[in-house]
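The values are calculated or read from the model by the stated rules, or taken from the named source; none is laboratory data. Owing to the predicted nature of the structure, the values given are computational and were not obtained by experimental measurement. Every residue, glycine among them, receives a Cβ derived from its backbone with ideal geometry; neighbour counts consider all protein chains shown. These area figures cover heavy atoms from the full protein model, side chains too; ligands, DNA and RNA do not enter into them. Shrake-Rupley method; radii C 1.70, N 1.55, O 1.52, S 1.80 Å.
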Amino acid sequence: QVQLVESGGGLVQAGGSLRLSCAASGTIFSINTMGWYRQAPGKQRELVADITSGGSTNYADSVKGRFTISRDNAKNTVYLEMNSLKPEDTAVYYCNADQKPWGRPRENYWGQGTQVTVSS
C-alpha cells in the first residue's frame, strides 16, 4: 500500500557528493522510521542510516561524518546526503520505510533501489 521511489543515484568520482531522495506514496498513516540500506555485489545488505519521525538518526560507522540523513515528514520523503564518497560506497542503495497504522499490524516497505557508483 506504500510505494517508495528512489532517485539521485549515479556515477561520481571519489571525493564527490550525491544526494539521494526517496518519496513515499500510497496509503500512508504515519511513517515512523525511514532509512537507507545498501548492497554491493556479493555482499550483504547493510544499514547505511535511518531516521525516526522525531529526528533521531543512526549511521553505520563507515559513513559517519560523511553522510547525512534527513526527512520531510509532511512529504514523506527521506534524503541521504553523501559527501566525500569512496569507491567502497559503491552499491545499490535502497530506501526503507516503516509504519504502524493505528489498530493494524506494522508495515515495512522497500524501494527498488538506485545505483551509486564511485570511481577511483
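The orientation-averaged projection of the convex hull spanning the C-alpha atoms of the chain amounts to 7.2 square nanometres. Taking Cα centre as origin and charging only the Cβ of basic (Lys, Arg, +1) and acidic (Asp, Glu, -1) residues, the dipole magnitude of region 8-112 rounds to 120 debye.
With a threshold of 24 Å on the Cα-Cα distance, the over-threshold entries among 43/75; 43/86; 64/100 are 43/75; 64/100. The residue list 55, 28, 11 was ranked by how far each Cα lies along the charge dipole of the chain toward its positive end, using unit charges on Cβ atoms, and 28 comes out on top. Taking Cα centre as origin and charging only the Cβ of basic (Lys, Arg, +1) and acidic (Asp, Glu, -1) residues, the dipole magnitude of region 77-120 rounds to 240 debye. Using a simple spin-label model with pseudo-atoms 7 Å out from Cα toward Cβ, residue 27 and residue 47 lie 2.8 nm apart. For the pair residue 88 and residue 66 in one chain, pulling the backbone fully straight at 0.36 nm per residue adds 6.6 nm over the alpha carbon distance. Spatially, region 1-36 and region 41-89 are offset by 10 Å when compared through their Cα centroids. Taking Lys and Arg as +1 and Asp and Glu as -1, the other residues whose beta-carbon sits under 15 Å from that of residue 64 total -3.
The 1.4 Å probe gives accessible areas that order 114, 27, largest first, as 27, 114.
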